[in-house]
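The values are calculated or read from the model by the stated rules, or taken from the named source; none is laboratory data. Since the model is a prediction, treat every value here as computed from it, not as a measurement. As a convention, Cβ positions derive from the backbone with ideal geometry for all residues, glycine included, and neighbour counts pool all protein chains shown.
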Amino acid sequence: MSDNRSSFSGKIGFVLAAAGSAVGLGNIWRFPYLAAKYGGGIFLLVYLILSLTFGFALMVTEIAIGRKTGLSTVGAFQKLNKKFSFVGYLGAIVPALILPYYSVIGGWVMKYLVVFASGGAESSADGGGFFSEFISSNLGAAVWFFVFLAVTALIVLFGVEKGIEKVSKMMMPVLAILAVGVAVYSCTLPNAVEGIKYYFIPDFDAFSFNTVLAAMGQMFYSMSLAMGIMITYGSYMKKDVSIEASVSQIEIFDTGIAFVAGLMVIPAVFSFTGAAPVKAGPSLMFISLPQVFVDMGAVGTFVGTLFFLLVLFAALTSSISLMETVVSVICDKIKISRQLSCLIVFVFSVLLGLVSCFGYGIWEDVTVLGMQFLDFFDFFTNSILMPIIAFFTCIVVTFVIKTKAIEDEVEISGKFKKKRLFRVVIKYIAPICIILILFSSIVAVYSEPITNGLSKLIGYDNAELIMKYFVV
Ligand code: TRP
């Protein structure tokens with residue numbers, strides 16, 4: 001990202017940096033609500049399978065492309081094949097679309113940190129009233145969004161992210177330990193067992209292509225895949241560091257934290273409300289966790305404050321790297337100063353973020369494809385753009401540079417143990433899955449006319465049966 005392509009000091013440096021980018025709100029805020037929404041155990045199962053196969057293969061590919069070309073996403077695809085440089089550009093658009101709404105959630109975390117630190121924990125644990133009032137407060141929520149984004153921009157502008165990264169590297173293990181502690185506590189709440197069962201036991205009736213689509217989107221998001229980030233990271237990686245081993249470690253770290261976050265949130269929701277929180281969506285963590293902390297009694301305020309502080313750091317390291325990516329692409333491509341580029345990204349993010357913010361307030365009634373703005377941006381990037389980018393990455397690897405080019409790059413630093421898996425996934429499984437799944441999301445949006453058409457051909461009952469797999 002800097003002009004002189006420096007490299008990570010060694011293996012640990014690389015794994016920590018990549019894990020720092022990967023672990024963020026995606027793990028702690030997004031994963032639990034998706035797991036709750038898409039059937040608990042079945043989502044967890046699909047997610048694990050996807051991340052061990054598809055996630056693994058794609059991350060290896062991206063890092064190898066980065067290390068091989070020594071360039072970040074736009075340049076890398078250009079170098080591989082001019083015709084496919086649009087994949088690089090698409091990849092650069094994704095972080096620009098994520099950053100604004102990421103900062104809205106970052107603002108929510110800040111607000112909760114301040115509420116907890118100033119002794120207001122009790123008031124925030126009222127089953128959702130406090131939260132909905134806050135996010136629909138327009139200006140109130142916008143101010144926190146603005147503060148979060150401004151902090152991110154200042155850090156990127158003054159280039160002090162090294163300092164932040166150091167702090168967050170120390171905080172990350174603390175976050176992991178604290179999360180385990182809170183998860184254990186959550187699981188011992190009355191009736192939490194129902195939640196644990198919901199989270200662990202897959203209910204195959206709840207399965208649909210949407211489960212796979214959501215799990216796949218989450219996998220891209222959480223591991224910062226399909227947007228060029230890992231290509232950039234790979235370009236800083238030394239040749240003697242093992243790509244395969246690093247990817248495994250990043251995956252274990254990232255998936256581990258997401259898994260524990262689910263255990264913090266889902267059993268607690270069952271304990272407090274007695275049912276699966278199908279509709280809660282993005283608000284889930286902000287409603288259930290304050291209740292867990294308050295339930296802890298006197299120590300709860302302290303634990304809650306510490307928790308939101310750690311999450312804030314995890315979110316900041318991610319938002320910094322999101323902004324940095326966009327800023328550097330603009331700098332490189334239109335040859336303007338870093339400061340100006342930063343300003344442009346900031347203004348753009350404020351405008352787009354405000355849309356997400358007001359989507360819960362004055363623009364509550366405006367929806368896109370039946371979604372609120374924040375949900376829509378999230379859906380559009382994770383469920384549409386990223387699968388498309390991943391699809392073309394597979395195509396480029398299979399037909400243009402060939403899987404062997406990636407394998408050779410991986411083998412520079414040792415044996416490629418899961419070479420077969422990598423090859424089958426990138427060549428066949430991933431592209432076919434993505435096409436099926438993208439198709440199914442179109443079908444889901446137009447389910448009514450399609451069901452009607454199908455029933456004329458094969459009868460209503462059969463049409464229903466088929467459609468069941470497409471629509472949740
Ligand atoms: N993976 C991050 C998380 O789980 C979010 C994220 C998506 C991200 N894309 C990114 C972070 C790019 C840094 C850079 O929260």
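Considering only residues that are away from the ligand (no atom under 16 Å from the Cβ), closer than 25 Å to Leu34 by Cβ, in contact with a helix residue (DSSP H, G or I) (Cβ under 6 Å, 6 or more places away or on another chain) and assigned to a helix (DSSP H, G or I), which ones fall in the range 230-277? Scanning the range 230-277 gives Leu263, Ile266, Pro267, Ala268, Val269, Phe270, Ser271, Phe272. The residue list Leu316, Leu340, Leu289 contains one member that is aliphatic (A, V, I, L, M), surrounded by 17 or more Cβ atoms within 10 Å (Cβ to Cβ) and within 30 Å of Leu71 (Cα to Cα), which is Leu316. Scoring Pro173 on the criteria (1) at negative phi; (2) buried (at least 20 other Cβ atoms within 10 Å of the Cβ) leaves a single failure, condition (2). When the helices (runs of 4 or more DSSP H) confined to the range 283-363 are screened for residues that are in contact with a Cys (Cβ under 7 Å, 6 or more places away or on another chain) and away from the ligand (no atom under 16 Å from the Cβ), those reaching at least 1 such residues are found at 338-358. Do we have any residue at all in the range 107-126 that's within 26 Å of the chain's Cα centre (by Cα), aromatic (Phe, Trp, Tyr) and more than 16 Å from the ligand (Cβ to nearest atom)? Yes, there is a match, as at least one residue in the range 107-126 is within 26 Å of the chain's Cα centre (by Cα), aromatic (Phe, Trp, Tyr) and more than 16 Å from the ligand (Cβ to nearest atom).
Listed by position, the helices (runs of 4 or more DSSP H) enclosed by the range 414-467 that each have at least 1 residues that are at pLDDT below 80 are 430-445, 447-458. Answer with yes or no whether Met227 is at pLDDT 90 or above, under 21 Å from Val60 (Cβ atoms) and either over 18 Å from the mean Cα position of the chain (by Cα) or within 15 Å of the ligand (Cβ to nearest atom) (or both). When the stated conditions are applied, Met227 does not pass them.
Listed here are the residues, each with its yes/no results for (1) within 16 Å of the ligand (Cβ to nearest atom); (2) buried (at least 22 other Cβ atoms within 10 Å of the Cβ); (3) assigned to a helix (DSSP H, G or I).
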site: Gly13; (1), (2), (3): no, no, yes
site: Ala17; (1), (2), (3): yes, no, yes
site: Ser21; (1), (2), (3): yes, yes, yes
site: Gly26; (1), (2), (3): yes, yes, yes
site: Leu34; (1), (2), (3): yes, yes, yes
site: Leu45; (1), (2), (3): no, no, yes
site: Ile49; (1), (2), (3): no, no, yes
site: Thr53; (1), (2), (3): no, no, yes
site: Ile63; (1), (2), (3): yes, yes, yes
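Residue pairs whose Cβ atoms lie under 7 Å apart, separated by 6 or more positions or on different chains, with the first residue in the range 286-310 and without any contact (Cβ under 8 Å) to a residue 60 or more places away in the chain and the second surrounded by fewer than 24 Cβ atoms within 10 Å (Cβ to Cβ) and part of a helix (DSSP H, G or I), are Ser288/Phe272.
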